[in-house]
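Structure first, then comments.
Nothing in this text is a laboratory measurement; each read-out follows from the coordinates by a stated rule. None of the values given here were measured: they were computed from a predicted structure. We place every Cβ from the backbone using ideal geometry, glycine too, and count neighbours over all the protein chains shown.
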Amino acid sequence: MRASVVISALVAVLVGFGSSVAIILAAATAVGANPAQTSSWIAALCLATAATTVILSIRYRIPVVAAWSTPGAALIASSSGETMETAVGAFFIAAILTLLTAAVKPLNALIERIPPCVASAMLAGILFRFVLAIFDHITTVPSLVVPLLVLYVIVRLFSPIWAVLAVLFAGIGLAFALGMTSPLGPLHISQFVWIRPHFTMQAMIGMALPLYIVTMASQNLPGFAVLKAAGYSIPSRPVLTVTGLASLLTAGAGAHATNLAAITASICAGPDAHPDRTKRWLCGPVYAAGYVVLALFGASLVVLFASFPAALITTIAGIALIGPLAASLSASMTLDKDRFTAVGTFAVTASGMSAFGIGSAFWGLVAGLVIFGLDHMVKHDRS
């Protein structure tokens, strides 16, 4: 096996995990997860990612790389009024919807017919509040937040992929240097915790449905596009079946969603991984092995991050989502005719409003579809 295969796979692991683990921790905090549930959440996500990657890459001899849903984690982190039990119920529903999408062709077609401007604007609205949260801490702990923002702006000029990792490692070092850390608890191997799901209509509509949609629209569809751009063709139904099953089997341990990777997939599917495109699938098993190691030490990682100040976690998570926010806003307003729809969807989602116990992500989706439908109905009548 070429060294480039191993290096590319391990870089993909580092980028994927390091740039989004803070968002998972924020999501866990939002639904009231205790340390054992949080470590189980991370370990289950890592194990599902590893299993999905190794199964699909070996079966199809294609560098199919899985990941967890970062936009989905941001959605959960921005939610309110949910418990860990109701969130897990929503995770089960989202996984079942993914499996139904694989099994029922019309449902797959229906998801693909959601206007891109609506899906992208809804995602942008979810991410916006996260990015905005950075500035809640900029006046209280400027010595921590300002240097990290400056570092991100400078590093991304040369390498957007490494910019978030630079912030992660620099933030950890800065927190220690400024004496902002609390004593470390005991480190130990991860253990899975069964979390009994509680199904509520509010969580199904306000969390499960948006989680399913943002995962499909912002992770799976771009993941297929990355593979296609690299010259690979893979049927969507087996991929959705495997990722849906992985999500279903790990939901009870706290994992919210497993899906195709996009950014990290481009690392493994590109020529830097291997000059022979038929050999790049070897990145899959190495990538999976990296996530198995992370699954083992998920509990220790939770203990480590728990010793850091909340401002650091919020800042790292917000900075990690600046790039996806910019991409979502850009994608939502590509066409002039869809900009009003995009702004309406974004505004409702970013407002954080809640009605009937259902969060703003769902209402943003509803508002966007209504505006889009009315807009196109009137334009069709005029023509």
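For A66, the residues whose amide H sits under 5 Å from its own are T53, A261, ignoring neighbours fewer than 5 places away on the same chain, with H placed 1.01 Å from N. Considering region 203-297 at the alpha-carbon level, its Rg and Dmax are found to be 14.8, 47 Å. Kirkwood radius for region 263-383, taken over all pairs of different Cα atoms as the inverse mean of 1/r, rounds to 19.0 Å. Length gained on full extension, L335 to T278, computed as 0.36 nm times the residue gap minus the Cα-Cα distance: 16.8 nm. A cut-off under 14 angstrom between Cβ atoms defines the neighbours of G344, and their net charge, with Lys, Arg +1 and Asp, Glu -1, is 0.
Contact order for region 18-92, expressed relative to its length and based on alpha carbon pairs under 8 Å spaced 6+ residues apart, stands at 50 percent. Comparing mean-square fluctuations of S218, S360, S266 from a GNM of the chain with C-alpha springs under 10 Å, the top value falls on S266. Seen from K279, the other residues with C-beta closer than 12 Å to its C-beta sum to a net charge of +3, counting Lys and Arg as +1 and Asp and Glu as -1. How big is D, in µm² s⁻¹, for region 64-164 by Stokes-Einstein at 4 °C and 1.567 mPa s if Rh is the Kirkwood radius over C-alpha pairs? In µm²/s, the coefficient rounds to 76. For the pair M201 and L369 in one chain, pulling the backbone fully straight at 0.36 nm per residue adds 58.4 nm over the alpha carbon distance. Ordered from longest to shortest, the equivalent ellipsoid semi-axes for region 299-356 are 33, 16, 8 Å, each the square root of 5 times a Cα gyration tensor eigenvalue. Only helical runs count toward this figure. For the chain, summing -39,500 (n - 2.57) over DSSP H runs of n ≥ 4 and dividing by all residues gives -21500 deg cm²/dmol at 222 nm. With a Förster radius of 35 Å applied to the beta-carbon distance between V343 and R237, the computed FRET efficiency rounds to 0.50.
Just report the Cα centroid separation between region 253-273 and region 146-215, whole Å. Using only Cα atoms to place each centre, the spacing works out to 17 Å. Put the Cα centre of region 316-369 next to the Cα centre of region 3-19 and the gap is 31 Å. Counting only cysteine Cβ atoms and a cutoff under 4.7 Å, the chain contains unmatched residues C46, C117. Taking every full run of DSSP H in the chain, the ones that stretch at least 27 Å from end to end by Cα along their long axis and average -0.5 or higher on the Kyte-Doolittle scale are 35-60, 84-103, 360-382.
In plain terms, the chain from L178 to S80 could stretch by 32.1 nm, reckoned as 0.36 nm per residue minus the Cα-Cα distance.
The eigenvalues of the Cα gyration tensor, multiplied by 5 and square-rooted, give the chain an equivalent ellipsoid with semi-axes of 29, 26, 22 Å from largest to smallest.
Charging the Cβ of each Asp and Glu at -1 and of each Lys and Arg at +1, and nothing else, the dipole of the chain about its Cα centre rounds to 840 debye. Annotation: amide H of T258 within the under-5 Å range of S247, sequence separation 5 or more or interchain, hydrogens built in the peptide plane. With a Förster radius of 41 Å applied to the C-beta separation of F158 and A36, the computed FRET efficiency comes to 0.55.
Would you be so kind as to identify which of V348, A51, T83 lies farthest towards the positive end of the dipole of region 3-382, taking Lys and Arg as +1 and Asp and Glu as -1 on Cβ and the Cα centre as origin? Of V348, A51, T83, it is A51. Considering only alpha-carbon pairs that sit under 8 angstrom and 6 or more positions apart, the relative contact order computed for the chain is 37 percent. A simple count of charges around S57, restricted to other residues whose Cβ falls under 13 Å of its Cβ and scoring Lys, Arg +1 and Asp, Glu -1, yields +4.
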